[in-house]
Amino acid sequence: MLDAGVGTGRNFAFYPPAAIVSGIDISPAMLARAHDRCPTLAAAGRLYAMDVTALKFADGTFDAAASSFLFCVLPSPLQVPALRELGRVVKPGGVIRLLEYVRPQGTLRRLLSYVWQPWIAWAYGASFDRHTERHVPASGLELVDSRYVVDDLLKVLTLRVPVRAMDARGGR
Ligand SMILES: C[S@@+](CC[C@H](N)C(=O)[O-])C[C@H]1O[C@@H](n2cnc3c(N)ncnc32)[C@H](O)[C@@H]1O
């Protein structure tokens, strides 16, 4: 599977030991930290410097993909290209899971998110207002599930790469 925007590799502790995971990130500095955190993966050559909007993998390379806090960093015009690229490199029928910050609805948390906004923009280039879920239809992916996992602040989107008739016959 692919971890997109792998950062310093913090997710690797949570993958099953048998999972074969590759990580991509646009930042060499983040990848250097991921190398230190995940020496086995680095030795296997599965950490790549790549832009999620222009992945250098063949179509259908991965069974699944995941990313955490990547889409809340990507500017709005890059949301659809990034979703399309993940959909291209994951096999038809494969699942893509995204963990993202969203703008809270509750009054107090919403207010606090505006106070917090300049800091996350400065520290991570992140925003609560990327509206990744709204971009899913334009990407050609299917929205399977959308659920909050921490209050109304952190959301997991589960997307699926559609199986088209030609894919089902093995013609992709
Ligand atoms: C907020 S960090 C999250 C890192 C990690 N997924 C985590 O949860 O700790 C966002 C990561 O996305 C990477 N990133 C930003 N734009 C990217 C792009 N266009 N392609 C690939 N990675 C990108 C950044 O370099 C950074 O490592």
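The values are calculated or read from the model by the stated rules, or taken from the named source; none is laboratory data. Note that this is a predicted model, so its numbers are computed, not measured. No Cβ is skipped: glycine too gets one built from the backbone with ideal geometry, and neighbour counts run over all protein chains shown.
Hey, among the residues in region 106-141 that are more than 16 Å from the ligand (Cβ to nearest atom) and touching a helix residue (DSSP H, G or I) at 6+ places or on another chain (Cβ under 8 Å), which one's nearest to Met30 (Cα to Cα)? Checked region 106-141; the qualifying residue nearest to Met30 (Cα to Cα) is His131. Cβ-Cβ distances below 7 Å connect the following pairs, each with a first residue in region 35-50 that is in contact (Cβ under 8 Å) with a residue 12 or more places away in the chain, a second residue that is hydrophobic (A, V, I, L, M, F, W, C) and part of a strand (DSSP E or B), and a separation of six or more residues or different chains: His35/Leu47; Leu41/Leu47; Tyr48/Ile24; Met50/Ile24.
Under 17 Å from Val163 (Cβ atoms) and not basic (Lys, Arg): does that describe Asp63? For Asp63, the condition - under 17 Å from Val163 (Cβ atoms) and not basic (Lys, Arg) - is met. Residues that are of a type in the set (A, V, I, L, M), modelled with pLDDT of 95 or more and under 20 Å from the mean Cα position of the chain (by Cα) number at least 1 in the following helices (runs of 4 or more DSSP H) confined to region 86-172: 132-139.
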